[in-house]
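One structure coming up, written as structure tokens, with questions to follow.
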Amino acid sequence: MNLNKIWSDPVWSKVISVIIIASAGLLYKYVSAKIDNLGFQEQILSFLNIKISLWLSTILFVILTISKKI
């Protein structure tokens, strides 16, 4: 299939973009693990265990919702 045809499809373009973004994130964590002399699994677990404040998430959600309506 032609890449332009796949990319213009509303579903497959999102699937491809998620794969690209996830691959970039994994590559970043792999390089970060090598630089810090830590295991790749430790780096992934540290990323997955990031604490995000509920109030901060709520404020961000409200701001994004309001700005989209403007």
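The values are calculated or read from the model by the stated rules, or taken from the named source; none is laboratory data. Not measured: the values here are computed from a predicted model. Using ideal geometry, Cβ is built from the backbone for each residue, glycine included, and neighbour counts are taken over all protein chains shown.
Of these, I59, I44, I19, which one is modelled with pLDDT under 90 and β-branched (V, I, T)? Explain how you work it out, then say what you get.
Details: I59 fails: modelled with pLDDT under 90; I19 fails: modelled with pLDDT under 90.
On inspection, the qualifying residue turns out to be I44.
Here is a follow-up. So if I check each of K34, K51, K68, which one is assigned to a helix (DSSP H, G or I) and either surrounded by fewer than 10 Cβ atoms within 10 Å (Cβ to Cβ) or under 17 Å from the mean Cα position of the chain (by Cα) (or both)? Break it down into steps so the answer makes sense when it comes.
Working: K34 fails: either surrounded by fewer than 10 Cβ atoms within 10 Å (Cβ to Cβ) or under 17 Å from the mean Cα position of the chain (by Cα) (or both); K51 fails: assigned to a helix (DSSP H, G or I).
Every option except K68 fails the conditions.
Of all residues in the stretch 1-19, which are part of a helix (DSSP H, G or I) and loosely packed, with under 10 Cβ neighbours inside 10 Å?
Let us first name the residues in the stretch 1-19 that are part of a helix (DSSP H, G or I), namely 3-8, 10-19.
Within the stretch 1-19, L3, N4, K5, P10, V11 qualify.
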